[in-house]
Structures are given as C-alpha cells and as structure tokens.
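What follows is a set of notes on a single structure, which appears directly below.
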Amino acid sequence: MNESPQSVYRLGAEDGLIMGPLMAVTVLLMGATAYLPGLFFLAIAAMIAVPSVAFLLLARAHRARPNMSTFSALWLQGICMFFFGSLIMAVAAYAGMRWLCPTFISDQIDAVVSVYGSVDNADARAIAATLQKAAEARSLPTPIEVSLEMIYMAVFSGSLLSMVLALIVRARRPRRDTPTPPPFNPNK
C-alpha cells in the first residue's frame, strides 16, 4: 500500500520536538554560565549542536523523500522546526527565569550597569545610568516578555539558518541508493 507523504508542517513539528529540548538545554546552560562559569564549555557545545542537529534532521528528510524535497520545502520544514522548537525552549526559559532563578533579569542588568559604569567612556556610562534608572523604576522586562523575544529571535535566526542548511542539503551529492531528485524547472 502506498503511504501518502507527510506534510512539511508535520515534519517540521516532529523535528521541533527534537530541537525544542536541545534549544531549551542550550538556553538554560547559557543562562547558568552567569552563575557557574564552568558550564561555559557545555553551553558552547550545545550551541554547536543546534545547527548540527538541524542539518541532520533536514538531511534525513531529504534522503527519505528526495523527489519531494525541494529547496523551499526543506526551508519551510526548517522554519517550522525552529518555530515549534522555540515554543519548548521558551517554556523552559520562562520556568527558569520565573521559578529557578527569579532574580536572573535584574542580576544581568546589575552586571551590565557595573561593567558599563566602570568603563572610561561617556556613552557607556550613559547606558549604565539609563539601565540603572530602569531598574530603580522597576521597568525591566518580565520573564514572559524575555521568553517571547526568545521565540522571535529563534524563529528569525532559525529561518536564516534553515535557508543555508536547505541549500547545503540540496547541493550534497546523493547516496547511490537514493534516487536523484528532479532538477528545478521554473517553467513547469
């Protein structure tokens, strides 16, 4: 019996279930390095793993259905993968900033104020003064606002990364046991 191929959106959502926990671990490790600098190398490894795993997932999809994986389909799958993965990442980041370390945002602002305030530059001191006033006025972003910004950032940067990865996946030579995908013909 012939199985109908899965939609690009479904493949992206399923891959997002793989990318989401990886992105969540990456974000939590990056945040934890502010308190435990020894986690820096693990955070770097996790940051390297994100595009590597994204490439492997797109390459797997291309191998599984070479006649249907056009550049645009692979790119859209990557965008969906990063969108759905970023939702999982944002939930983990929100939980971390809300319950694990509720002072994370204010600690980061204090660190920036301290560093910029000690620099011998008028612009840097002005930034430090502005951030200090924002902290005193309690107008710092909330964990949910930071989490939403993380979603926007992850989807945008994931979209750009997926475009590059889709080009690389399509340009790679196919295995001998994989049929060659049809060439792109815009006149069809």
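The values are calculated or read from the model by the stated rules, or taken from the named source; none is laboratory data. In this text, all values refer to a predicted model and were calculated from it rather than measured experimentally. Note: ideal-geometry Cβ built from the backbone for every residue, glycine included; neighbour counts use all protein chains shown. For the accessible areas, the whole protein counts, side chains as well, though only heavy atoms, and no ligand, DNA or RNA atoms are used. Shrake-Rupley method; radii C 1.70, N 1.55, O 1.52, S 1.80 Å.
Some observations on this one:
- Cα gyration tensor shape of the range 81-123, rounded if a/c is under 1.5, else prolate or oblate by comparing a/b with b/c: oblate
- The phi torsions of the range 76-83, fed into the Karplus equation with coefficients 6.51, -1.76 and 1.60 and a -60° offset, translate into couplings of 5, 4, x, 4, 4, 4, 6, 5 Hz, rounded to whole numbers, with Gly and Pro shown as x.
- Once the 1.4 Å probe is applied to the protein heavy atoms, the range 20-120 comes out at 52 Å² accessible per residue.
- The tail of the calculated P(r) for the range 1-83 beyond 14 Å holds 65 percent of all Cα-Cα pairs.
- Between the range 109-128 and the range 57-75, the Cα center-to-center distance that results, in Å: 48
- For the range 107-112, backbone phi angles converted through the Karplus equation (6.51, -1.76, 1.60; θ = phi - 60°) give residue-by-residue couplings of 5, 5, 5, 4, 5, 5 Hz, Gly and Pro being listed as x.
- Helix-only arithmetic for the chain: the sum of -39500 (n - 2.57) across DSSP H runs with n ≥ 4, divided by the residue total, places the mean residue ellipticity at 222 nm at -24500 deg cm²/dmol.
- Stretched out straight at 0.36 nm per residue, the stretch from residue 44 to residue 164 would grow longer than its current Cα-Cα span by 41.1 nm.
- Cβ charges +1 (Lys, Arg) and -1 (Asp, Glu), total dipole of the chain, debye: 1000
- For residue 22, the solvent-accessible surface with a 1.4 Å probe is about 40 Å², rounded to the nearest 10.
- Share of carbon and sulfur in the accessible heavy-atom surface of the range 54-145 [1.4 Å probe, %]: 65
- Across the range 115-131, computed HN-Hα scalar couplings (Karplus, 6.51 cos²θ - 1.76 cosθ + 1.60, θ = phi - 60°) run 5, 5, x, 8, 7, 8, 8, 5, 5, 5, 5, 5, 5, 4, 5, 5, 5 Hz from first to last residue, x flagging Gly and Pro.
- Shape of the range 1-150, Cα gyration tensor, a/c cut at 1.5: prolate
- Gaussian network model of the chain, Cα within-10 Å springs - most flexible of 92, 13, 171: 171
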